[in-house]
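Please find one structure pasted underneath; my questions will follow.
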Amino acid sequence: MKTGLKKKDWLLILIILCVAGLTVLAHTYIGGRGANKVVVKVDGVIQGTYSLSEDGRIEINDGTNVIEISNGKADMIEADCPDQLCVNQKAVSRNHENIICLPNKVVVEVESVEESEYDAVTN
């Protein structure tokens, strides 16, 4: 049985497959590098964007909240709010995970290529 594809057809298919493969590689290796970051917002306004690959401490609102970035995770380690819920939340590292301090109006959200392990949490 003959497929009816000519030499130029096979060449076109090969070129399309190569371009698709290079696009996937470029997205994986180049696009993924700068994607792991933490965006800090205070009262809805972005105060800073920090890489999860660089360890350090970040003071927010003149020290009312302190975030520590280490081992690719961000964790709220200090807050002057009365309930301390933000301090007791787990460290975040996956896409759209966040830490929220309502009294101080602070939101720390991860923008990453790695998805969160949970879709939703219910009681």
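Given the protein chains as shown and a 1.4 Å probe, how many square angstrom of Val66 are accessible, to the nearest 10?
Near enough 10 Å² of accessible area.
Please list the non-local residues whose amide H lies under 5 Å from the amide H of Glu78, H modeled 1.01 Å from N, same-chain partners needing a gap of 5 or more.
Here Val66 satisfy the definition.
Summing +1 for each Lys or Arg and -1 for each Asp or Glu, what net charge is found among the other residues whose Cβ lies under 13 Å from the Cβ of Tyr50?
Overall, the nearby charge balance is -3.
Using mean Cβ contacts within 10 Å as the protection proxy, how do 7-20, 67-80 order, highest first?
67-80, 7-20
Cα to Cα, under 20 Å, and not fewer than 8 places away if on the same chain: which lysines meet these conditions relative to Lys90?
List returned: Lys37, Lys41, Lys73, Lys105.
The values are calculated or read from the model by the stated rules, or taken from the named source; none is laboratory data. The model shown is predicted, which means the values in this text are computed figures rather than measured ones. For neighbour counting, all protein chains shown are included, and Cβ atoms are generated from backbone atoms with ideal geometry for every residue, glycine included. These area figures cover heavy atoms from the full protein model, side chains too; ligands, DNA and RNA do not enter into them. Shrake-Rupley method; radii C 1.70, N 1.55, O 1.52, S 1.80 Å.
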